[in-house]
1. What distance in nm lies between label points placed 7 Å from Cα along the C-beta direction at LEU239 and VAL272?
2. When the chain is treated as a GNM, springs tying every alpha-carbon pair under 10 Å, which of LYS296, LYS284, LYS154 comes out with the largest mean-square fluctuation?
3. Using just the helices of the chain, give the 222 nm mean residue ellipticity in deg cm²/dmol: DSSP H runs with n ≥ 4 each add -39,500 (n - 2.57), and the total is spread over all residues, rounded to 500.
4. Quick one: 3J(HN,Hα) in Hz for the stretch 35-46, Karplus 6.51/-1.76/1.60 with θ = phi - 60°, rounded, Gly and Pro as x.
5. How would you rank VAL50, VAL26, going from fewest to most other Cβ atoms within 10 Å of each one's own Cβ?
6. Relative contact order of the chain: what whole-number percent is it, with Cα pairs under 8 angstrom and at least 6 residues apart?
7. I need the phi-derived Karplus couplings for the stretch 250-267: 6.51 cos²θ - 1.76 cosθ + 1.60, θ = phi - 60°, integer Hz, Gly and Pro marked x.
8. Quick one: THR123, THR49, fewest Cβ neighbours within 10 Å first, how do they rank?
Amino acid sequence: MKRLLGAITAMLTLSISANAQDYMSVNYNFNKGELFELEQKSRSETYMTVNEVVQRTTRDYNNIISIEITDVQPGRAQLTFRYKELKFNFNAKNQNIFVDAKVSKPDEPFQEGLKKLLNQPFTVELQSTGIITKIDGLDNLLDNAAAAFSNLKKDEQEAYKKLMKDQFGTDAFRSWLEQLLIMYPVHGIKTGTQWEESVPLRGGLVGRVDLYWNLQTWDSQTAKIGGTAKIQTDKVQTLTLEDDIKATAEISGSTSSNYLIARSSGLPSICVQTTEMNGNYTYKVNKAKRIKHDLKVPVKVVTNASYKIKQMK
């Protein structure tokens, strides 16, 4: 009898151990003083058809951002971000703005504005599950950078300020970061596990983003995770677009992501994303802009991006 009980106990122990090995635990885990470097390369193309004329806008980013862990508390950490390199190319309406924040270009005001962002700290408070609780200091940096536009005409100042806010402001940065960083479940996961979260759509458009992830494979050091985001705007909310045009937006789309996660930190070592959005803006009547009646404007946005994060110390 004792031998039988011993055999049953051994079998149960092996079964529990095997089941435990099927699951892994992953979250954001940092130590104060750690330093990471994030490399971003992305290109976004927007097509709008206004009165049967197609308008194409492109935005290219080639940035390097340092991420220092400046405080660690139970369940959360403070990450201090600094732009180390900042290259931005904007092309719209036969106007091209290319800036490398490290290179002098006196005839381009946006160049001087972005230069003021280099090496300036702003902080992100991140929960261990990946929820961003706050971002501090970024809007102040943009306010200081706007001094580069002080010698321009009033309307030019406002246009440059809007361009900078739309591309680098707190809402735009948070929206980008929320889709780059996975939000992990509090429980263990195994191959095939799927989970989801929802966040507001930020950075100009109003709506929501439903985020879905699934664990594909994992080992002791890494995990491969697939991601999908479903994007939907609120079609009744009025927005302010370029040239101070008021409009509503009925736009939807999706993002497909592939991540290679470093389990030691929870950060993606590599992330590749593709986004496509389609729908319509409805421009509202505006005599000053020669819009005599509500005007439906089809829009398509395609974005391809890749990111690498490596630990420096």
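A short reminder: the numbers here are calculations on the coordinates, not readings from a lab. Because the structure is a prediction, the values reported are computed rather than measured. Cβ sites come from the backbone with ideal geometry, for glycine too, and all protein chains shown count toward neighbours.
1. 2.9 nm
2. LYS154
3. Working: 5 runs with 62 residues, N = 313.
Computed ellipticity for the chain at 222 nm equals -6000 deg cm²/dmol.
4. 10, 10, 10, 10, 10, 10, 9, 8, 9, 10, 10, 10
5. On the way: VAL50 16, VAL26 21.
Lowest to highest Cβ neighbour count: VAL50, VAL26.
6. Working: 705 pairs, mean separation 52.0, N = 313.
It comes to 17 percent, rounded to a whole number.
7. Running phi through 6.51 cos²θ - 1.76 cosθ + 1.60 with θ = phi - 60° gives 10, 10, 9, x, 8, 10, 10, 10, 10, 10, 10, 9, 8, 5, 4, 10, x, 7 Hz.
8. Numbers: THR123 17, THR49 14.
So the residues, fewest neighbours to most, are THR49, THR123.
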